[in-house]
Amino acid sequence: MKRILLIGAGHAHLAVLRSLLKEPPAAARFALVTPRSKQLYSGMLPGVIAGHYRRDEAEIDVARLAAAGKVEFIEGEVIKLDPGEKVAKLAEGAELEFDLVSINVGSVPERSLQGAGFALPVKPYESFLERLSKARLNRVAIVGAGVSGSEIGMALHHRGAAVTLYSDKVPLWPPQLEGVMRRMRVDVRPGMPADAIERGPVVHAGASTQEFDLVLLATAAAPLPWLRATGLPCDERGFLLTDDMLRSIAHPDVFAAGDCATPSSGPLPRSGVYALRQGETLAANFRSVVSGQAPVAYRAQRHALALISCGRRYALAHRGNRSAQGRWVWWWKNHIDRRWVRSLNGEKT
Ligand SMILES: Cc1cc2nc3c(=O)[nH]c(=O)nc-3n(C[C@H](O)[C@H](O)[C@H](O)COP(=O)(O)OP(=O)(O)OC[C@H]3O[C@@H](n4cnc5c(N)ncnc54)[C@H](O)[C@@H]3O)c2cc1C
């Protein structure tokens with residue numbers, strides 16, 4: 001009986017859990033370790049901030065999903081992994097042994113900006129929401145105008161905040177995003193990166209200095225520090241390097257997927273839709289390994305659909321070079337997101 005340890009309840013592992021519900025492999029015993037039994041779905045987070053959803057409507061009951069697939073659920077945070085000894089250490093001190101391990105722990109916002117400690121990072125979502133709910137939100141700055149920073153900015157504006165968004169990028173992606181944000185009255189500043197944050201909090205950007213009630217950090221994805229400490233090969237930033245089968249390039253018993261991994265064939269966008277598709281390949285490969293067959297290669301979709309909520313019940317859709325926007329796009333996104341969360345919670349979709 002192979003012991004397979006899943007670390008993190010990211011999109012990829014949620015897809016694995018869903019697949020185990022349908023077809024559990026006979027010769028494997030699965031365990032999942034993650035810090036929280038309930039996981040907030042990132043696609044609905046801006047809707048929670050905007051007030052369109054209650055928090056519980058955007059939560060996935062991971063412990064329940066694991067139990068339904070006969071996967072042991074362990075609440076804990078991995079702080080160390082020894083791939084040679086095949087053991088993972090938790091913050092609380094416990095050690096978990098495995099024959100095969102899969103890592104899907106996501107990422108955190110990059111914190112190299114001077115004074116980043118004066119800002120509130122948007123991940124982990126749970127602590128972010130908790131601190132946001134206690135903060136004064138009249139004037140909010142967001143550092144980073146990727147899709148997540150932009151969605152959070154428009155959601156906060158919908159709740160009445162004056163929002164300023166600093167970005168090193170020109171133009172923003174997708175190309176329609178800047179115009180939509182201006183129409184939603186977000187003060188977006190493409191090509192104006194924040195240089196430093198200081199107590200106040202005050203943001204310095206070029207010649208401009210401005211004080212806010214709160215500064216949010218929605219910068220590019222950065223790896224969790226313990227990944228590099230595993231000794232497994234990483235890219236220059238510290239994300240685990242994987243082969244086409246989603247295994248570490250140095251260790252066939254270590255799989256990694258989602259934001260925490262970089263395929264050695266070339267980096268992928270760090271977004272949930274890619275992680276989800278990787279989860280389907282992971283599930284197939286666990287079955288192959290258990291039954292002594294060769295694992296299959298992951299093939300990324302050429303274009304992924306981005307659905308971006310814009311504060312009020314209005315959204316922007318973008319795929320390849322096609323784009324659409326309107327209230328109907330929001331209702332479409334709402335339908336997809338709710339169906340996904342309900343399907344994982346074992347509710348009718
Ligand atoms: C506001 C916002 C909105 C977004 N909207 C979208 C969207 O609409 N569509 C889209 O495709 N992408 C979206 N994204 C991006 C997307 O959330 C990430 O790219 C995606 O979550 C990455 O998925 P993942 O599978 O790598 O891990 P994640 O989904 O980030 O999950 C990581 C898991 O690992 C767990 N974990 C972390 N550390 C440890 C540890 N040490 N030990 C054990 N477990 C650990 C976490 O608790 C979590 O369960 C959004 C991001 C944000 C911030």
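The values are calculated or read from the model by the stated rules, or taken from the named source; none is laboratory data. Keep in mind that what you see is a predicted model, and the values were worked out from it rather than measured. A quick note on method: Cβ atoms are made from the backbone with ideal geometry, for glycine too, and the neighbour counts reach across all protein chains shown. Surface areas here come from the heavy atoms of the whole protein model, side chains and all, with no ligands, DNA or RNA. Shrake-Rupley method; radii C 1.70, N 1.55, O 1.52, S 1.80 Å.
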Practice item. Scan the stretch 135-158 and report the pairs whose first residue is more than 14 Å from Arg182 (Cα to Cα) and whose second residue is of a type in the set (Gly, Ala, Ser) and in a strand (DSSP E or B), with Cβ atoms within less than 8 Å and a gap of 6+ or a chain change. Key: Asn138/Ala162; Arg139/Ala162; Val140/Ala162; Val147/Ala306
Review point. Within the stretch 161-176, is even one residue without any contact (Cβ under 8 Å) to a residue 40 or more places away in the chain, open to solvent by 40 Å² or more (accessible area, probe 1.4 Å) and in a helix (DSSP H, G or I)?
Key: no
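Look at Val296 and say whether it is over 24 Å from Leu45 (Cβ atoms) and touching a strand residue (DSSP E or B) at 6+ places or on another chain (Cβ under 7 Å). Talk me through it step by step, then tell me what you get.
Numbers: over 24 Å from Leu45 (Cβ atoms): yes; touching a strand residue (DSSP E or B) at 6+ places or on another chain (Cβ under 7 Å): no.
In short, no.
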**Study point:** In the stretch 102-150, residue farthest from the ligand (Cβ to nearest atom) [restricted to those that are among the hydroxyl-bearing types (Ser, Thr, Tyr) and within 15 Å of Val163 (Cβ to Cβ)]
**Key:** Ser150
**Study point:** Given (1) within 30 Å of Val16 (Cβ to Cβ); (2) among the hydrophobic types (A, V, I, L, M, F, W, C); (3) open to solvent by 40 Å² or more (accessible area, probe 1.4 Å), index of the condition Ala207 fails
**Key:** (1)
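Just for the stretch 69-84: of the residues that are out of contact with any Phe, Trp or Tyr (no Cβ under 9 Å at 6 or more places or on another chain) and either away from the ligand (no atom under 14 Å from the Cβ) or outside any loop (DSSP other than H, G, I, E, B) (or both), which one is most open to solvent (accessible area, probe 1.4 Å)? Spell out how you get there, then give the answer.
Of all residues in the stretch 69-84, those out of contact with any Phe, Trp or Tyr (no Cβ under 9 Å at 6 or more places or on another chain) come to 73-77, 82-84.
Within this subset, residues satisfying the condition of being either away from the ligand (no atom under 14 Å from the Cβ) or outside any loop (DSSP other than H, G, I, E, B) (or both) are 73-75, 82-84.
Working: Phe73: 52, Ile74: 30, Glu75: 115, Asp82: 63, Pro83: 12, Gly84: 61 Å².
The extreme case among them is Glu75.
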Practice item. Looking only at the stretch 101-119, count how many residues are assigned to a strand (DSSP E or B) and closer than 20 Å to Asp259 by Cα. Key: 5
Study note, to complete from the structure: Okay, strands (runs of 3 or more DSSP E) sitting entirely in the stretch 1-53 with 2 or more residues that are over 17 Å from Glu130 (Cβ atoms) and away from the ligand (no atom under 11 Å from the Cβ), I get 2-7, 28-34
Check your understanding: Only one residue in Ser112, Ser102, Ser42 is more than 30 Å from Gly311 (Cβ to Cβ) and at pLDDT 95 or above. Which one?
Key -> Ser102
Check your understanding: Taking only pairs six or more apart or across chains, which ones have beta-carbon atoms under 8 Å, a first residue in the stretch 239-264 that is within 15 Å of Ser288 (Cβ to Cβ), and a second residue that is modelled with pLDDT of 95 or more and near the ligand (Cβ under 10 Å from one of its atoms)?
Key -> Leu246/Ala256; Leu246/Ala257; Leu246/Ala261; Leu246/Gln278; Arg247/Ala256; Phe255/Ile103
Practice item. Could you check Cys260 against (1) open to solvent by 30 Å² or more (accessible area, probe 1.4 Å); (2) within 15 Å of the ligand (Cβ to nearest atom) and say which number it fails? Key: (1)
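Which is without any contact (Cβ under 8 Å) to a residue 24 or more places away in the chain and open to solvent by 10 Å² or more (accessible area, probe 1.4 Å), of Tyr53, Tyr41?
Details: Tyr41 fails: without any contact (Cβ under 8 Å) to a residue 24 or more places away in the chain.
Being without any contact (Cβ under 8 Å) to a residue 24 or more places away in the chain and open to solvent by 10 Å² or more (accessible area, probe 1.4 Å) holds for just one of Tyr53, Tyr41, which is Tyr53.
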